[in-house]
1. When only C-alpha pairs under 8 Å and at least 6 residues apart count, what is the relative contact order of region 148-249, in percent?
2. Using 0.36 nm per residue of separation minus the Cα-Cα distance, give me the extension gain between residue 104 and residue 208 in nm, one decimal.
3. Let a ≥ b ≥ c be the square roots of the eigenvalues of the Cα gyration tensor of region 180-249; is it rounded (a/c under 1.5), or, if not, prolate (a/b larger than b/c) or oblate?
4. Using a 10 Å cut-off around each Cβ, can you sort 81, 133, 64 from fewest to most neighbouring Cβ atoms?
5. Rank by packing, highest mean first: peptides 194-203, 23-32, with packing defined as the count of other Cβ atoms within 10 Å averaged across residues.
6. Rounded, prolate or oblate: which fits region 103-221 when a ≥ b ≥ c are the square roots of the eigenvalues of the alpha-carbon gyration tensor, with rounded for a/c under 1.5 and prolate only if a/b beats b/c?
7. Rounded to the nearest 500, what is the 222 nm mean residue ellipticity of the chain from helices alone, with -39500 (n - 2.57) per DSSP H run of 4+ residues and division by all residues?
8. Please tell me the relative contact order of the chain in percent, rounded to the nearest whole number, where contacts are Cα pairs under 8 Å and at least six residues apart.
Ligand code: NI
């Protein structure tokens with residue numbers, strides 16, 4: 001069965017048709033709902049309560065760093081203290097859309113890593129055009145398990161990430177025709193460090209590229225990894241389930 005380590009099914013686009021999205025997930029044994037605000041988090045709670053396949057991640061996104069105040073940390077801390085979240089994320093650095101507030105992004109990132117350390121929660125990392133700063137912060141501060149979400153780095157960056165004992169999560173791009181980087185990562189990353197995800201509603205894998213993405217499409221990511229590694233799909237899926245379970249053990 002398949003694992004979606006990163007989906008946004010409580011964002012407005014997918015939440016509007018959540019019954020259908022969950023109904024379509026019959027071949028998935030696990031999925032982590034990524035929440036980027038309190039509304040998405042409150043929507044995720046009853047979904048997880050009804051269906052044990054779900055885990056919940058919540059964190060303040062780097063692009064929103066300028067809006068984050070003490071109050072934001074407090075409401076996130078309250079969710080941690082009541083064991084309502086399984087992972088802190090997605091957190092990280094994104095200089096792609098806006099690099100005018102790098103210091104604020106770093107401050108919000110480090111503060112949340114420390115919250116995760118204290119609660120011994122894994123962290124899901126969003127790293128875009130900010131690899132050097134992101135890795136140096138993680139090396140200095142992170143003490144819990146790390147998931148690099150939608151990994152798109154070079155083999156050299158992969159090597160550095162693996163040294164941190166992290167997990168590398170691959171999404172739709174590995175199925176794209178021009179996706180040389182992700183293809184190399186799928187081939188080179190040891191299977192016991194790989195995860196699959198959709199990042200839905202974005203980045204729908206082939207053969208549905210351009211459609212609204214949802215967790216059921218994670219199968220195409222897993223199938224592509226099996227093909228690239230020349231391995232049996234069932235064996236790949238089983239190892240990814242084991243990897244995913246080990247993050248929360
Ligand atoms: Ni995401």
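1. Numbers: 153 pairs, mean separation 25.7, N = 102.
So the answer I get is 25 percent.
2. On the way: separation 104, 0.36 × 104 = 37.44 nm, distance 3.72 nm.
Full extension of this stretch gives 33.7 nm more.
3. Details: a/c = 1.84, a/b = 1.31, b/c = 1.40.
It is oblate, given that a/c is not under 1.5 and a/b is not larger than b/c.
4. Numbers: 81 9, 133 17, 64 14.
By the 10 Å Cβ count, ascending: 81, 64, 133.
5. Working: 194-203: 23.6, 23-32: 18.4.
Highest to lowest by the protection proxy: 194-203, 23-32.
6. Details: a/c = 1.96, a/b = 1.63, b/c = 1.20.
Verdict is prolate for region 103-221.
7. Numbers: 10 runs with 109 residues, N = 249.
-13000 deg cm²/dmol, from helical runs alone.
8. Numbers: 476 pairs, mean separation 50.6, N = 249.
That works out to 20 percent.
Coordinate-derived values only; no laboratory data. Everything numeric here is computed off the predicted structure, so don't read it as measured data. Note that each Cβ is placed from the backbone with ideal geometry, even for glycine, and that neighbours are counted across all protein chains shown.
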